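Asker: Sharing a structure below in structure tokens format, with a few things to ask.
The values are calculated or read from the model by the stated rules, or taken from the named source; none is laboratory data. Nothing here was measured: the structure is a model prediction, and the numbers come from that model. Glycine gets a Cβ as well: all are built from the backbone with ideal geometry, and neighbour counts include every protein chain shown.
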Amino acid sequence: MSAALNGAILVSVAGGVLSLDRTAAFQVMVSRPIVTAPVIGYLLGHPLWGLVAGAVLELLLIGDLPVGRYVPVHETALSALVTGITVVALEGMGAADGYAGLKSEMTVLPLAVLIALPVGKVFQKADIITRKMNARLFERAALSIDAGSAVLLRENLKGAALFLITNTVALLVTAVPLMTGAEYVFTRFALKPFTAAFAALLLAGAGAAAWSITTGRSAYVFGASAAVAGAILTWLAL
């Protein structure tokens with residue numbers, strides 16, 4: 001198997017486990033981008049690249065909170081995908097590891113975010129469906145209270161297993177084509193590392209964080225503003 005395919009499988013399994021922290025179990029914030037992305041980066045051999053990706057994604061999604069019945073964008077899956085795509089792309093370009101590779105990441109990361117954003121919205125819809133299915137398991141768990149703690153524990157574990165399987169499979173289905181595609185493309189095309197494009201991404205992320213206070217469409221606003229600002233500033237840097 002190719003390195004990208006191996007990485008996609010690793011990203012899917014790790015992302016599925018970390019996704020449990022969102023609602024199904026633990027809830028100690030390891031599912032947030034600032035933690036998930038560095039973990040994925042570490043597993044793929046580039047923790048520093050993951051740390052940068054996590055910081056940017058945390059800025060983007062910090063205002064997208066689960067208030068009331070609103071289900072936010074699946075930040076864990078998005079972080080895993082963006083980090084996986086970024087690492088595969090940088091390796092394909094032959095970027096140096098550590099701080100030397102950060103200049104190249106400033107060009108690749110915005111592209112990885114724009115590629116993965118639509119998938120993040122798909123995960124959001126899938127998360128809603130999974131929660132509805134989990135509600136049925138909750139009803140069964142409530143009915144099993146009198147049957148003893150062992151039965152109750154089993155019903156609760158079924159709910160966690162549902163989230164784990166759903167997120168892992170969904171990540172596998174999306175990570176394999178995106179990461180193998182990135183490996184194929186970026187080994188053939190080298191991008192000039194313009195820091196202006198990365199600066200545009202940060203500015204767009206800050207704007208999306210502020211915009212998300214009044215609207216739930218921050219991902220769309222971010223994607224459009226990042227694409228336009230990055231293109232303009234990169235063109236000016238030529």
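Asker: For segment 74-118, which positions are within 10 Å of the chain's Cα centre (by Cα) and at pLDDT below 80?
Answerer: LEU117
Asker: So in segment 30-45, with the set limited to residues that are in a loop (DSSP other than H, G, I, E, B) and under 11 Å from the mean Cα position of the chain (by Cα), which one is modelled with the lowest pLDDT?
Answerer: Of the residues in segment 30-45, the ones in a loop (DSSP other than H, G, I, E, B) are 30-32, 44-45.
From the residues that got through so far, the ones that are under 11 Å from the mean Cα position of the chain (by Cα) too are 31-32.
On the way: SER31: 84, ARG32: 90.
If we take residues in segment 30-45 being in a loop (DSSP other than H, G, I, E, B) and under 11 Å from the mean Cα position of the chain (by Cα), then SER31 is modelled with the lowest pLDDT.
Asker: Only residues in segment 45-72 that are closer than 22 Å to ALA14 by Cβ and of a type in the set (D, E, K, R) count as the first member; pair them with residues that are in a loop (DSSP other than H, G, I, E, B) and modelled with pLDDT of 85 or more, Cβ under 7 angstrom, at least 6 apart or cross-chain, and list the lot.
Answerer: GLU58/ARG32
Asker: Would it be correct to say that SER149 is at pLDDT below 75 and in contact with an Asp or Glu (Cβ under 8 Å, 6 or more places away or on another chain)? It would help to see each step written out before you state the result.
Answerer: Details: at pLDDT below 75: yes; in contact with an Asp or Glu (Cβ under 8 Å, 6 or more places away or on another chain): no.
For SER149, the condition - at pLDDT below 75 and in contact with an Asp or Glu (Cβ under 8 Å, 6 or more places away or on another chain) - is not met.
Asker: Consider segment 1-34. How many of its residues are surrounded by fewer than 19 Cβ atoms within 10 Å (Cβ to Cβ), closer than 18 Å to GLY45 by Cα and among the aliphatic types (A, V, I, L, M)?
Answerer: 6
Asker: Of everything in segment 1-29 that's part of a loop (DSSP other than H, G, I, E, B) and polar (S, T, N, Q), which residue is farthest from ASP97 (Cα to Cα)? Can you show your working first?
Answerer: First pass over segment 1-29, keeping only residues part of a loop (DSSP other than H, G, I, E, B): 1-2, 20-29.
Within this subset, residues satisfying the condition of being polar (S, T, N, Q) are 2, 23, 27.
Numbers: SER2: 20, THR23: 35, GLN27: 32 Å.
Checked segment 1-29; the qualifying residue farthest from ASP97 (Cα to Cα) is THR23.
Asker: Something else now. Could you please give the count of residues in segment 1-26 that are over 17 Å from the mean Cα position of the chain (by Cα) and at pLDDT below 85?
Answerer: If we filter segment 1-26 for residues that are over 17 Å from the mean Cα position of the chain (by Cα), which is where we start, we get 1-3, 5-6, 24-26.
Those still in the list that are at pLDDT below 85 too: 1-3, 24-26.
Qualifying residue count for the region: 6.
Asker: Here is a follow-up. Quick one: count up the residues across segment 172-196 that are outside any loop (DSSP other than H, G, I, E, B) and either modelled with pLDDT under 60 or under 18 Å from LEU78 (Cα atoms) (or both). Show your work before the answer.
Answerer: Residues of segment 172-196 that are outside any loop (DSSP other than H, G, I, E, B), as a first pass: 172-186, 195-196.
The next check asks that each one be either modelled with pLDDT under 60 or under 18 Å from LEU78 (Cα atoms) (or both); those that pass are 172-182.
Final tally of qualifying residues: 11.
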